[in-house]
Every structure is written in C-alpha cells, then in structure tokens.
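First up is the structure itself, then whatever we jot down about it.
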Amino acid sequence: MTSSSPNGRAALWPALLFLIWNLLGCTMFMLQSTQDLEALARTDPVQAQIWRTMPPWAWGAYLVAVVSGLLGAICLLLRRRLAVPLSLLCLIAVIVQFGHTVLLTDLLKLAGPTTLVLPGIIIAIALAQWLYARTLATSGTLA
C-alpha cells in the first residue's frame with residue numbers, strides 16, 4: 001500500500017496525530033525539566049515536590065519516552081518499520097516513568113485518584129501508537 005492510494009492517505013492521519021501528540025510531549029518535557037520549582041511550589045506544591053524528588057532514572061525514562069515516541073511517529077509518516085520498536089520503547093518508558101510517579105511517591109495520597117487520568121491517557125495513546133505501528137507493519141504498509 002502506498003501513500004498515494006486512498007487507504008494509504010487515510011493511514012497518514014493517525015500518524016500525523018501521533019506526531020503532533022509527541023511534539024507536545026517533547027515540549028512538556030522541556031518545560032517540566034527546566035521548571036522553576038520554587039515558583040511552581042507557590043501554586044502547586046505537590047507537583048513541585050514530585051519533580052524535585054524525581055530520580056535521574058525517572059527523568060531519563062521520560063526523555064526516552066518522548067524522543068522514541070516522536071521518532072516512532074516520524075517513522076510512521078515515512079512508512080518505516082522502525083516505527084514498531086520505537087513505539088514499543090516509548091510505551092515501556094512511559095510505564096516506567098509513571099510507575100515511579102504513581103507507585104513510588106505520595107502523589108495519590110496527596111492529590112487523589114484523579115491524578116491518574118492524564119497518565120492513563122498518555123499510556124493509552126502510547127499503546128495505540130505501538131498497536132497502530134504493528135498493524136501497519138503486519139499489513140506490509142511499513143518498509
């Protein structure tokens with residue numbers, strides 16, 4: 001299936017949406033990793049404490065997640081099979097990062113269960129990107 005066929009063009013829309021989503025993720029990583037935690041503590045002390053105590057390996061997982069997700073989305077647009085392992089790496093890194101935040105911090109106790117909504121959405125989108133890449137690879141769309 002080529003990108004000039006009707007089905008090929010339709011297959012580009014999810015890839016484009018994944019690209020936009022992952023660009024937002026990269027932007028959020030840059031903003032959060034350079035955030036003035038003292039200023040944040042005045043408006044959101046719980047989040048400031050979570051980021052202040054986040055170990056380097058969790059920040060590394062966050063970085064791996066956004067970069068591999070972005071590269072995976074670019075590979076989807078370019079119809080490259082490399083989208084599959086990159087998207088899987090993104091999913092694993094997202095789970096590791098949020099595993100730390102949810103399981104190894106007091107976030108749930110301090111902020112309540114509604115704090116799980118955004119991580120759940122992010123994990124679901126990472127899973128969707130990986131499954132989409134796998135589906136395209138299986139159908140022969142990715143080279």
Checklist entry - Taking K and R as +1 and D and E as -1, what net charge do the other residues with C-beta under 15 Å from the C-beta of Ala137 add up to? => result +4
Checklist entry - Using the membrane-span-like helix rule (whole DSSP H runs, Cα extent along the own axis of at least 27 Å, mean Kyte-Doolittle hydropathy at least -0.5), which helices of the chain qualify? => result 6-33, 56-77, 83-103, 117-138
Checklist entry - Among residues other than Ala73 whose Cβ falls under 15 Å from its Cβ, what is the net charge (Lys/Arg +1, Asp/Glu -1)? => result +4
Checklist entry - So how much slack lies between Trp13 and Ala39, counting 0.36 nm per residue of separation and subtracting their Cα-Cα distance, in nm? => result 5.5 nm
Checklist entry - Which peptide among 25-32, 123-130, 96-103 comes first, and what is the full order, when sorted by highest mean count of other Cβ atoms within 10 Å? => result 123-130, 96-103, 25-32
Next on the checklist: With +1 assigned to the C-beta of every Lys and Arg and -1 to the C-beta of every Asp and Glu, and no other charges, what is the dipole magnitude of the chain about the Cα centre in debye, to the nearest 20?
Outcome noted: 540
Checklist entry - Out of Gly120, Trp130, Met54, whose Cα points farthest toward the positive end of the dipole of the chain (charges: +1 Lys, Arg; -1 Asp, Glu; placed on Cβ)? => result Trp130
Next on the checklist: Applying a 10 Å radius around every beta-carbon, put 107-116, 46-55 in order of their mean neighbour count, most first.
Outcome noted: 46-55, 107-116
Next on the checklist: Cβ neighbours within 10 Å, averaged per peptide: list 64-71, 36-43 in order, most packed at the top.
Outcome noted: 64-71, 36-43
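Values in this text are rule-based calculations from the coordinates and carry no lab data. These figures come from a predicted structure and were not determined experimentally. Every residue, glycine among them, receives a Cβ derived from its backbone with ideal geometry; neighbour counts consider all protein chains shown.
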